[in-house]
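One structure is given here, and the rest of the page talks about it.
Just so it is clear, none of the values below were taken in a lab; they were calculated from the coordinates. Quick caveat: nothing in here was measured; it's all calculated off a predicted structure. Glycine gets a Cβ as well: all are built from the backbone with ideal geometry, and neighbour counts include every protein chain shown.
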Amino acid sequence: MSLCRVCDGELKTVISFGQMPVANAFLTPSEFASEYFFDLKVGFCPICCMVQLQKCVAPEKLFHNKYAYLSSLSLRMNQHFRAFAEDMKARYLTSHNPFVVEIGCNDGVMLQHLASDRIRHLGVEPSRNVAALAKDKGLNAVCRFFDETLAKDILKKYGSADLIVGANVICHIPDLHAVARAVDMLLKPSGLFVFEDPYLGEIVKKTAYDQIYDEHVYYLSIASVDSMFRRYGMAVVDVEPQSVHGGSMRYTIARRQTVELSPKVDEKKRLEESIGLHKYETFVRFRMRIEKSREQLQELIRDAKLRGKRIVGYGATSKSATVTNYCSLGPDSIDFVCDTTPAKQGKYSPGMHIPIKPNEDFVKDYPDFALLFAWNHKEEILGKEQEFLKRGGQFITYVPSVSILSR
Ligand code: DWN
Ligand code: SAH
Ligand code: ZN
């Protein structure tokens, strides 16, 4: 029996993927034998509606001095975070000498746009290698996990924050109660906490089951986030859907009664009810679609291999660890995965041990099919791979459904 990390309710299992490796643990052959696996299982809490991993991997095992994901490597994400920073500046950072804390600043993809305007800032980034990249950009960053102890230290050194921001990080933190307490401690009375994460409504709608992996402890909705923060005298006061990462939601949290509630919050909460995000049955159907998706992808790939086609994976995403392991796709069906991240190149994918190669290897000898693991960057990738398409190459996708993308 697993209990909800938010309310102690008994979780109802949505899907069990079995033993899975750490999604960002790209490895060398000498590390194959000692590879770490854990039981990847998602549960739904019928009391507070929080969807979450039933068991999670210790954060120190995921975020360390060799964290593989670099936020700045996509043009699209750079544009997104520039716009995010500009929006925060214009709306919330107009007072005298404001102070911003970013949780999970990674290589500084967003913070750089605040620092360039000399805004007082602090990035909190526990992965040492990426924190170092942020510092190399001249940003002020601390290499720690965000928690109450750190909040206390920040408060002592810099004073309270006007704004706390975070992208794709709050859903990574197992102890949300500690996050809420730390935010409460650190924020000015009228301060705001703005964060975004992949949105449960989109994950379910698109059957984007590959968003389920070790780092993503929570699959958030407005209802579950609001009920969590209400326990600490705060509430979701505004929401704004984002198109990045396959569909995210940006939540603005404030202390209750300090900010007027946007009508969008209740409107979107009603929408969540209409699509059944508060009902276990919705997730039973989600599981059935996931199983169907696996069958279809396996069949498509089996068929292509029987016809002697070459398949290469495009983008060694964290998400691809779930797809390749769940669908048993190894080097016998996928020659290699191309990826622009230097630290991933030359290594092997977690669990299935598919070689990771630079993009140049893809261009040098185009395959028949590219399996689009980075489907969330589809426009950017299709835009730059026109030559592959012109020469008759095709992209295979599995989100929102298994299909071959037409030109
Ligand atoms: O939440 C998280 C998000 C923000 O980033 C983290 N838990 C980990 C990570 O998830 P991901 O690895 O699924 O993120 P992406 O952005 O889908 O990863 C894209 C991968 O594809 C990167 O390794 C870079 C690579 N890539 C490429 O090779 N060519 C990306 C583009 C756009 C390209 O053209
Ligand atoms: N914000 C970036 C990075 C997302 S990847 C973006 O949206 O692209 C998640 C990041 O959160 C990693 O860099 C990881 O090291 C960091 N992280 C994980 N747990 C954290 C915690 N408890 N406190 C602060 N950062 C954390
Ligand atoms: Zn609960």
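Over all directions, how big on average is the projection of the convex hull of the alpha-carbon atoms in the chain, in square nanometres? Mind dumping the intermediate values first?
Details: hull surface 78.1 nm².
Mean shadow area of the hull around the Cα atoms is 19.5 nm².
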field: Hits among lysines - C-alpha to C-alpha of LYS268 under 24 Å, sequence gap 8 or more where chains match
entry: LYS205, LYS206, LYS279
- line: The lysines whose Cα lies under 26 Å from the Cα of LYS309, excluding any fewer than 8 residues away in the same chain, are LYS292, LYS319, LYS344, LYS347, LYS357, LYS364, LYS378, LYS384, LYS390
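Pairs of alpha-carbon atoms within less than 8 angstrom and 6+ residues apart define the contacts here; what relative contact order does the chain have, in percent? Please report the intermediate quantities before stating the final value.
Numbers: 788 pairs, mean separation 61.1, N = 407.
Here the relative contact order equals 15 percent.
Looking at the range 1-83, which trypsin sites (Lys or Arg not before Pro) are in a loop (DSSP not H, G, I, E or B) and have at most 14 other Cβ atoms within 10 Å?
Details: sites: ARG5, LYS12, LYS41, LYS55, LYS61, LYS66, ARG76, ARG82; in loops: ARG5, LYS55, LYS66.
Within the range 1-83, the qualifying trypsin sites (Lys or Arg not before Pro) (loop, at most 14 other Cβ atoms within 10 Å) are LYS55, LYS66.
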- request: Choose one of ALA316, ALA235, VAL109: the residue whose Cα lies farthest towards the positive end of the charge dipole of the chain (beta-carbon charges +1 Lys, Arg; -1 Asp, Glu; about the Cα centre).
  value: ALA235
- line: Taking Cα atoms only, Rg over Rh for the range 23-69 with Rh from the Kirkwood formula is 1.10
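With a cap of 14 neighbouring Cβ atoms within 10 Å, and only residues DSSP puts in a loop, list the trypsin sites (Lys or Arg not before Pro) found in the range 214-277. The partial results should precede the final answer.
Values: sites: ARG230, ARG231, ARG250, ARG255, ARG256, LYS264, LYS268, LYS269, ARG270; in loops: ARG231, ARG256.
In loop regions of the range 214-277 (DSSP not H, G, I, E or B), the sparsely surrounded trypsin sites (Lys or Arg not before Pro) are ARG231, ARG256.
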field: Hz values of 3J(HN,Hα) by residue in the range 306-317 - Karplus curve (6.51, -1.76, 1.60), Gly and Pro given as x
entry: 4, 8, x, 7, 9, 10, 10, x, 10, x, 7, 6
field: Computed label-point distance, nm, for sites ALA343 and GLN79 using a 7 Å Cα→Cβ extension
entry: 2.6 nm
field: Signed unit charges on C-beta, dipole axis of the range 69-217, positive-most listed residue MET77, THR207, PRO174
entry: MET77
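Using 0.36 nm per residue of separation minus the Cα-Cα distance, give me the extension gain between VAL363 and SER116 in nm, one decimal.
On the way: separation 247, 0.36 × 247 = 88.92 nm, distance 3.62 nm.
In short, 85.3 nm is gained.
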- prompt: Taking only C-alpha pairs under 8 Å that are 6+ residues apart, what is the relative contact order of the range 248-334 in percent?
  reply: 25 percent
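Gain in length, GLU267 to SER34, computed as 0.36 nm per residue apart minus the alpha-carbon separation, to one decimal in nm? It would help to have the intermediate numbers written out before the result.
Values: separation 233, 0.36 × 233 = 83.88 nm, distance 4.94 nm.
Using 0.36 nm per residue and subtracting the Cα-Cα distance, I get 78.9 nm.
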statement: Once both label points are put 7 Å beyond Cα along the C-beta direction, the THR149-SER2 separation in nm becomes 2.6 nm
- prompt: Can you give the longest stretch of the chain with no exposed loop site, where a site means GluC sites (Glu not before Pro) in a DSSP loop (not H, G, I, E or B) with at most 14 other C-beta atoms within 10 Å?
  reply: 36-259
- prompt: Angle, helix 176-186 long axis vs. longest principal axis of the chain, Cα atoms, 0 to 90°, nearest 10?
  reply: 40 degrees
message: So for the range 178-273, averaging the separation of alpha carbon pairs under 8 Å that are six or more residues apart and normalising by length, what relative contact order in percent results?
response: 34 percent
- prompt: By residue number, which cysteines of the chain lack any other Cys whose Cβ falls under 4.7 Å from their Cβ?
  reply: CYS49, CYS56, CYS105, CYS143, CYS171, CYS327, CYS338
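Could you calculate the FRET efficiency of LYS305 with GLU60 from 1/(1 + (r/R0)^6), where r is the beta carbon distance between them and R0 is 41 Å, rounded to 0.05?
Numbers: r = 39 Å, r/R0 = 0.96.
In this case the efficiency is close to 0.55.
Please give the contour-minus-distance gain from MET288 to SER243: 0.36 nm per residue of separation, less the Cα-Cα distance, rounded to one decimal in nm. Kindly include the intermediate steps, with their values, before the conclusion.
Numbers: separation 45, 0.36 × 45 = 16.20 nm, distance 2.54 nm.
Once the chain is fully extended between MET288 and SER243, it gains 13.7 nm.
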task: Could you work out how far apart the two model spin labels at ASP136 and PHE17 are, taking each label as a point 7 Å from the Cα in the direction of the beta carbon, and quote it in nm?
output: 3.0 nm
